[in-house]
Each structure stands twice: as C-alpha cells, then as structure tokens.
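Nothing in this text is a laboratory measurement; each read-out follows from the coordinates by a stated rule. Note that the structure is a prediction, hence the values are computed from the model and not measured. Cβ coordinates were reconstructed from backbone atoms using ideal geometry, including for glycine residues, and neighbour counts include every protein chain displayed.
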Amino acid sequence: MLLLPKTPGTSRRADLRRHGTRTLMTLNESGITLAEVLMATAMIGIGLVGLLTVVPISSYAVYEGNSLTTATFLANQKLEEIKNGVWLQIPANDCVGLSAGNGDFAPTSNTCTRTNPTVCNAPGACTIAADEIPVAGYTGYNRTVRIVDCSTVAGGCGGVTDANFRRVTVTVTYHAITGTGSGAAGSTKPTVLTMNLSRR
C-alpha cells in the first residue's frame, strides 16, 4: 500500500481502480443532514400555509364578482324593458306605470295596452313589472321594480319636479357570502340601478 502525504479532506490511502491507476479517496463528502432537511420542510410548510389562507378570500372574490355582474345584468335588463315601454299623453297609453302612492309596490297602470312582455288591456288594471322572487332562470336572485312620479315624491327626482318624469328603481338581491365561504342565513346583498324616464 502506498502512503501519500495527508492533505485536507483526503486519506493517506490510495485506492487502485480498474486500470491500475491510483486516485485519492476523499472521506470529507458533504451532503444534506437530516436537520437541514427538516428545517427546509418546515419553511416550505409555513409558506404553503400562508398561501392556503388566501384561497378562501380569492374564492369569495370570484363568487362576489360573478354574483354582482349577474345582478347588474338583471337590473339593467329590466331598466331597458321599462325604458322601451310606451308612455304617451295623447292617446293616453301608459305602459310604464306607477307604484301605488309612490310606495314599495310593483308598478301598475290602468291605461296600458300591450302584448309584450305581459298582456295588458286598458281600462283594466295591469301590473307593469311584477316582483320576481326568484328571477326566472336565475335561482338565488330576486328582482323588484319601483316607479315614482317626480312631481309628487318629496324632493323630486334629483331636483326634477315635473309630472312628465318618473324615477325607475330596479333592485336585484342575491345571497351573500363572506370571505370564509358562508353567509348568515337569509343574508342578501342588493344591487340598485336608478334612472329618470321622461314621457314621449
């Protein structure tokens, strides 16, 4: 056996390989110790727990965004329907209607003649926009329409006090959730769109 002078990280013993060449065998091979592996695992675990706390909040944001978009669409859809209704002074044809006493009632009219979206035949009373609980095809969404006369409501409609103007308010409510994924029983969130409408 051949002895070589000791150098750091090597042994004095030479090792013969296949072809008879001599190489030095190192005894100081470094690697990852169990303590280092456990430390790395703990740090990765803490990072993943931090990321997992974000998942319910991001899920809530996606749900809320989808619900709000749907509610706004449904409210705007009803506003367009009311806006396209006929409201003429001569001949008298009022298919916009009014909420009784400017109160919390679905709008009705006694002078409406139309076939769509609901059939109305004057001089009979006709509900212009009935409360929809739930909206057809949209489970969990409720829609109400209220129409007031700007000349008789306190303060008018944004300062407008004219009998030829009406304020249309469409409210769509939907089931609300929190960032933890659940909402109180019966809790709802409203989406309210309002517009002033003039007689043609």
Checklist entry - So, in nm, how far is label residue 161 from label residue 105 when the simple model puts each one 7 Å beyond its Cα toward the Cβ? => result 2.4
Checklist outcome for this item: Cβ density ranking, 10 Å radius, fewest first, applied to 79, 48 yields 48, 79
Checklist outcome for this item: If the chain between residue 83 and residue 139 were fully extended at 0.36 nm per residue, the gain over the current Cα-Cα distance would be 17.6 nm
Item to check | Where labels lie 7 Å past Cα in the beta-carbon direction, separation of residue 52 and residue 151 in nm | outcome: 6.7
Checklist outcome for this item: If the chain between residue 41 and residue 61 were fully extended at 0.36 nm per residue, the gain over the current Cα-Cα distance would be 4.1 nm
Checklist entry - How would you rank 191, 118, 139, going from fewest to most other Cβ atoms within 10 Å of each one's own Cβ? => result 139, 118, 191
Item to check | Residues of the stretch 105-144 with amide N under 12 Å of the 7 Å Cα→Cβ point at residue 192 | outcome: none
